[in-house]
1. Expressed in nm², what is the orientationally averaged projection area of the convex hull enclosing the Cα positions of segment 122-244?
2. State the percentage of accessible surface on segment 168-218 attributable to carbon and sulfur atoms; use a 1.4 Å probe and exclude ligands, DNA and RNA.
3. So for each of 208-220, 243-255, 119-131 I average, over its residues, the number of other beta carbons within 10 Å; can you give me the resulting order with the highest mean first?
4. Considering only protein heavy atoms, what per residue accessible area in square angstrom results for segment 67-158 with a 1.4 angstrom probe?
5. Ordering F222, F161 by how much accessible area each has at a 1.4 Å probe, largest first, what is the list?
6. Using the structure shown, select from K103/K290; K108/K289; K239/K279; K131/K182; K225/K290; K239/K290 the pairs with a Cα to Cα distance greater than 32 angstrom.
Amino acid sequence: MEPGLVQVLPRPDAAAGHHRQLDREEASGAEVMAKNSKTRFDDVKTGSISTDLAETSLIGGPHLLSLKGAGKSYGNIIALSGVDMDVDSGRVTCVLGDNGAGKSTLIKIIAGRHEHTDGEFEINGESIRLKSPREALDRGIAAVYQDLAVVPLMPIWRNFFLGSELTTGWGPFTSLNVEEMKRITKKEVLEMGIDLRNVDQPIGQLSGGERQCVAIARAVYFGAKALILDEPTAALGVKQSGVVLRYILRARDRGLGVIFITHNPHHAFPVGDRFLLLKRGKSIGYYEKKDITLNELTAQMAGGAELEELAHELEQIGGDTRLIEEIREAEVVVPKA
């Protein structure tokens, strides 16, 4: 996967010092924590969620993003085919699959890296073919990739505005608006749940989960409505993975439509609202959370035959009997999509 702090390009108005959040209400850290337990209807009434997002989440309007039979071919090679998926504001759609399942191709279609060759891709009900990541960003789609290409020795605020620095003055008297960028960085990251005492510290001193948080906060600040997270927990330990999952829920509660790419059903199930399972470029299941259990999700990802083969191999080499029984118990009949 191509590295990048966030798959975005700086907006022209960002370099000129224009930033959207000046019109937004100031919120303390305590208020932000309280929002997690409130309904998002209040956010719509106060205007913190845009009108199109409100229509999607509250009155059954068009989906924020929608794929219908989408596919991608490279000549005679079919990388992805027949994928149906919907993304709505304030909901988490999880895309699960092993290596080579087609997750990267799906990301590239949604993020504007590659055009789909089959099916339809709709944004707010409008059928579209994205030509570039710039066009995707202009339509509110941002991607946070697995390998965060941050500059470890550079301060947090510099990484937050990397390539999109705010300036003050004009002509030959233009200079970086350092204090404003520091203030914004601290505020935006605080709204995601991290209270940074010093945004001048190198970002390399933050944990992996905290760096993911900075990347998510950056995407939100630069106007993301749909946020793609490419395996954010893949290289993290148990504790830090839990931290990132909490940030995903915070992004959801702020009204974003989140696409969570992962190969771990134990990470996806606690936060997901919908689950798309990919295998060898094809969809093998698409479920609402109420229609599938964690065991069923795990079994369908692994495949019944593969689980039985694993249990048989462990039995032959004298593996843990209890583990073998648990594997066989996971061979459940999965629900129909």
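The values are calculated or read from the model by the stated rules, or taken from the named source; none is laboratory data. Quantities reported herein were computed from a predicted structural model and do not represent experimental measurements. Here the Cβ positions follow ideal geometry from the backbone for every residue, glycine too, while neighbour counts run over all protein chains shown. Accessible surface areas use protein heavy atoms only, side chains included; no ligands, DNA or RNA. Shrake-Rupley method; radii C 1.70, N 1.55, O 1.52, S 1.80 Å.
1. Result: 9.5 nm².
2. Here carbon and sulfur together make up 52 percent of the probe-accessible area.
3. On the way: 208-220: 23.8, 243-255: 20.4, 119-131: 15.5.
Descending packing order for the listed peptides: 208-220, 243-255, 119-131.
4. 40 Å²
5. So, going from the largest accessible area down, we get F222, F161.
6. K131/K182
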